[in-house]
Amino acid sequence: MSEEELKEEVIRALKSVYDPEIPVDVYELGLIYDIKIFPINNVYVLMTLTSPSCPSAEQIPGEVEKKIREIEGVSDVSVELTFDPPYSQDMMSEVAKLELGFM
């Protein structure tokens, strides 16, 4: 699997992870700041949460890691949480904004 194909698989996996309080996946919400694929299929994800006090703070990054680990061929997964820059609704995709009635 090429790096690009693996990245597409990672995005597909991310689209199956939801913030329990919002009916939109973490990718469309704009919570994923960066996805890097390193040699030998090591996946790095830099993400944030909708707020630092998000009740799901423990659950969401763990679920992101679990879903990516399920992709065939992935060697290792590293999920890093950041609150810089702080999350805002501007980071949502148009799909998410439509889904949540912001457009």
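The values are calculated or read from the model by the stated rules, or taken from the named source; none is laboratory data. All of these numbers come straight from a predicted model, not from anything done at the bench. With ideal geometry, Cβ positions are generated from the backbone for all residues, glycine too; neighbour counts draw on all protein chains shown.
Points to keep in mind about this one:
- Residue count for region 19-60 satisfying the condition of being in contact with a Lys or Arg (Cβ under 8 Å, 6 or more places away or on another chain), farther than 18 Å from PRO85 by Cβ and among the aliphatic types (A, V, I, L, M): 2.
- Subset of region 13-25 [surrounded by 13 or more Cβ atoms within 10 Å (Cβ to Cβ) and either among the acidic types (Asp, Glu) or without any contact (Cβ under 8 Å) to a residue 40 or more places away in the chain (or both)]: LYS15, TYR18, ASP19, ASP25
Table: residues versus (1) surrounded by 18 or more Cβ atoms within 10 Å (Cβ to Cβ); (2) more than 23 Å from SER2 (Cβ to Cβ).
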residue: TYR27; (1), (2): yes, no
residue: PRO39; (1), (2): no, no
residue: ILE71; (1), (2): no, no
residue: SER75; (1), (2): no, no
residue: SER78; (1), (2): no, no
residue: PRO85; (1), (2): no, yes
residue: SER88; (1), (2): no, yes
residue: ALA96; (1), (2): yes, yes
residue: PHE102; (1), (2): no, yes
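- Of all residues in region 62-103, those satisfying the criterion of being within 13 Å of SER16 (Cα to Cα) and either touching a Leu at 6+ places or on another chain (Cβ under 6 Å) or assigned to a loop (DSSP other than H, G, I, E, B) (or both) are GLU70, ILE71.
- Subset of region 75-95 (residues that are farther than 13 Å from LEU14 by Cβ and touching a strand residue (DSSP E or B) at 6+ places or on another chain (Cβ under 8 Å)): SER75, ASP76, SER78, GLU80, LEU81, THR82
- Going through (1) under 15 Å from the mean Cα position of the chain (by Cα); (2) closer than 21 Å to ILE22 by Cα; (3) not small (Gly, Ala, Ser) one by one, PRO55 falls short only on (1).
- Residue within region 47-60 that is of a type in the set (A, V, I, L, M, F, W, C), at pLDDT 95 or above and not in a loop (DSSP other than H, G, I, E, B) present: yes
- Evaluation of GLU4 against (1) loosely packed, with under 13 Cβ neighbours inside 10 Å; (2) acidic (Asp, Glu); (3) in contact (Cβ under 8 Å) with a residue 24 or more places away in the chain (one fails), failing number: (3)
- The selection criterion, being touching a residue at least 60 places away in the same chain (Cβ under 8 Å) and among the charged types (D, E, K, R), holds for GLU99.
- Filter pass, SER16 being in a loop (DSSP other than H, G, I, E, B) and in contact with a Lys or Arg (Cβ under 7 Å, 6 or more places away or on another chain): yes
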